[in-house]
There are 2 protein chains.
Amino acid sequence: MKKINVMQDVLSSNDLTALQNREYFNKNKTLVLNIMSSPGSGKTSVILETIKRLNGLKILVIEGDVAGDIDAKKIEKSGTDAFQINTYDSCHLNASMINKVIRKIKVKYDLILIENVGNLICPVEYNLGENYKIVILSIPEGEDKPVKYPKIFEKSDLLLINKIDLLDYSDFDFEKLDETLKKLNKNMKAVKLSCKKSTGFEDWIKWIKEKITDLA
Amino acid sequence: MKKINVMQDVLSSNDLTALQNREYFNKNKTLVLNIMSSPGSGKTSVILETIKRLNGLKILVIEGDVAGDIDAKKIEKSGTDAFQINTYDSCHLNASMINKVIRKIKVKYDLILIENVGNLICPVEYNLGENYKIVILSIPEGEDKPVKYPKIFEKSDLLLINKIDLLDYSDFDFEKLDETLKKLNKNMKAVKLSCKKSTGFEDWIKWIKEKITDLA
């Protein structure tokens with residue numbers, strides 16, 4: 001007797017909606033990045049510095065926050081389209097929230113930057129239909145965050161290390177960070193940034209441009 | 001006809017277990033503080049600096065982390081009893097996790113410091129049986145966190161503002177913070193701390209000692 005393993009992908013309702021989002025983004029050749037981090041690690045500042053350097057591209061920023069619209073206002077002030085999602089008691093964005101935004105989109109975007117709710121745990125469990133997951137870790141948070149919150153570092157495609165300007169006032173240990181990341185996600189590239197000093201953005205911008213070219 | 005509103009408190013299963021924890025702590029006259037914040041705002045450093053200043057008290061630290069036991073090891077190294085809870089996929093501690101620790105406690109503690117999982121959203125929804133909720137906000141996170149994550153600031157009894165040594169390298173706006181807190185929780189006291197410089201701890205230690213005296 002031969003044994004046959006019948007593997008069935010049982011997709012969750014969130015994954016099914018994420019697939020629909022993915023199809024929409026594919027059809028429009030839109031690069032979509034899901035940007036995740038702790039509260040206060042500088043997601044909005046990174047996004048503002050990023051869009052400044054991508055002149056000529058049609059960009060939408062989707063802001064996920066439990067409450068308020070501070071971040072969406074900052075983005076709009078910079079002249080870029082922004083959409084605020086308030087999640088109320090929910091600690092992460094989900095695919096259905098992004099789907100509701102898609103239904104309101106009237107133009108073709110080259111790039112959609114999704115700023116997830118500030119949280120190192122749950123956001124990574126919910127695919128939104130993005131092309132890539134980006135995780136930000138800021139220097140004052142310490143190099144031990146991937147030990148304590150491993151999944152988001154395991155599943156992300158790129159690590160942005162922000163607030164590098166605070167390195168002199170911190171005990172951040174890059175050797176220990178490298179050691180942890182080697183175990184969790186050895187192929188993940190890391191880029192060091194400072195939004196305050198406006199430095200380190202070249203590699204990140206190059207990475208985005210390459211990914212947009214890949215879609216063409 | 002008179003209308004009578006019958007209000008019924010329907011306690012969740014978590015609240016029922018929290019009540020049991022509360023009864024145990026009351027019986028033992030143990031002050032229990034639930035310490036919450038973003039990842040990397042310095043919960044463990046604040047706890048280490050705190051226990052150093054409370055010589056003569058019998059203290060237990062309960063460490064909540066998604067993964068790893070870095071923090072519990074740090075506490076034990078300082079000579080204080082510590083208990084590590086790993087929550088795996090859960091983004092907060094709950095009353096039942098604390099109840100399991102209680103069942104293993106063999107001595108009477110004056111003070112139990114519970115370090116919750118680093119998360120500004122969900123931990124506040126789960127009572128653990130604590131006497132007070134303490135929220136930490138660190139300077140590099142920015143003064144806008146209570147706008148974006150209001151509930152934890154609304155429901156906490158004391159705010160510790162940590163990493164005050166980084167104020168010179170930050171745009172942190174205390175006026176804006178005060179404005180937000182006035183709306184959310186106008187009676188909440190705030191204490192400014194620096195674990196790095198070991199400053200600002202007097203008021204916080206005084207607060208703890210007063211609360212311990214209140215229990216006697």
**Fill in**
Going through the stretch A:50-60 in order, the residues found to be open to solvent by less than 20 Å² (accessible area, probe 1.4 Å) and in contact (Cβ under 8 Å) with a residue 60 or more places away in the chain are A:50, A:51, A:54
**Request:** Spot the failing condition for residue B:208; the list is (1) closer than 25 Å to residue B:123 by Cα; (2) open to solvent by less than 30 Å² (accessible area, probe 1.4 Å); (3) without any contact (Cβ under 8 Å) to a residue 60 or more places away in the chain, and only one is missed.
**Result:** (3)
**Request:** Name, by its number, the condition in (1) closer than 27 Å to residue B:66 by Cβ; (2) open to solvent by 20 Å² or more (accessible area, probe 1.4 Å); (3) touching a Leu at 6+ places or on another chain (Cβ under 7 Å) that does not hold for residue B:196.
**Result:** (3)
**Message:** Taking the condition of being under 21 Å from residue A:202 (Cα atoms) and not charged (D, E, K, R), how many residues in the stretch A:125-171 meet it?
**Reply:** 17
**Request:** Starting from the stretch A:83-97, take each residue that is more than 14 Å from chain B (Cβ to nearest Cβ) and more than 10 Å from residue A:64 (Cα to Cα) and list its partners that are in a loop (DSSP other than H, G, I, E, B) and hydrophobic (A, V, I, L, M, F, W, C), counting only C-beta distances under 7 angstrom and pairs at least six apart or across chains.
**Result:** A:95/A:128
**Request:** Could you identify the single residue in B:171, B:178, B:203 that is among the acidic types (Asp, Glu), open to solvent by 40 Å² or more (accessible area, probe 1.4 Å) and part of a loop (DSSP other than H, G, I, E, B)?
**Result:** B:171
**Message:** Cβ contacts < 8 Å: first residue within 21 Å of residue B:203 (Cα to Cα) and modelled with pLDDT of 95 or more, restricted to the stretch B:179-192; second residue open to solvent by less than 100 Å² (accessible area, probe 1.4 Å) and among the aromatic types (Phe, Trp, Tyr), any location; separation 6+ or different chain. Result?
**Reply:** B:181/B:153; B:185/B:153; B:188/B:153; B:189/B:207; B:191/B:204; B:191/B:207
**Request:** Give the residue that is least open to solvent (accessible area, probe 1.4 Å), with candidates limited to residues of the stretch A:16-47 that are over 28 Å from residue A:203 (Cβ atoms) and out of contact with any Gly (no Cβ under 9 Å at 6 or more places or on another chain).
**Result:** A:16
**Message:** Conditions first: (1) within 12 Å of another protein chain (Cβ to nearest Cβ); (2) in contact with a helix residue (DSSP H, G or I) (Cβ under 7 Å, 6 or more places away or on another chain); (3) surrounded by fewer than 24 Cβ atoms within 10 Å (Cβ to Cβ); (4) not aromatic (Phe, Trp, Tyr). Residue A:63 passes all but one, so which condition is the exception?
**Reply:** (3)
**Asked** Mind checking which residues of the stretch B:109-150 are among the acidic types (Asp, Glu) and open to solvent by 10 Å² or more (accessible area, probe 1.4 Å)?
**Response** B:110, B:125, B:130, B:141, B:143, B:144
**Request:** Answer yes or no: is there a residue in the stretch A:67-89 that is open to solvent by 10 Å² or more (accessible area, probe 1.4 Å), of a type outside the set (Val, Ile, Thr) and under 19 Å from residue A:133 (Cβ atoms).
**Result:** no
**Prompt:** Give me the pairs: first residue in the stretch B:11-29 and under 14 Å from residue B:93 (Cα atoms), second residue open to solvent by 90 Å² or more (accessible area, probe 1.4 Å) and at pLDDT below 95, beta-carbon distance under 9 Å, and six or more apart or on different chains, which are they?
**Reply:** B:15/B:9
**Filter result for the condition that a residue is β-branched (Val, Ile, Thr) and within 14 Å of chain B (Cβ to nearest Cβ), over A:70, A:51** = A:70
**Identity of the residue in the stretch A:132-146, more than 17 Å from residue A:45 (Cα to Cα) and touching a strand residue (DSSP E or B) at 6+ places or on another chain (Cβ under 9 Å), that ends up nearest to the other protein chains (Cβ to nearest Cβ)** = A:145
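The values are calculated or read from the model by the stated rules, or taken from the named source; none is laboratory data. What you are looking at is a predicted structure, and each value in this text was computed from that prediction instead of being measured. Counting neighbours? That spans all protein chains shown, and the Cβs are built from the backbone with ideal geometry, glycine included. Ligands, DNA and RNA are excluded from the accessible area calculation, which covers all protein heavy atoms including side chains. Shrake-Rupley method; radii C 1.70, N 1.55, O 1.52, S 1.80 Å.
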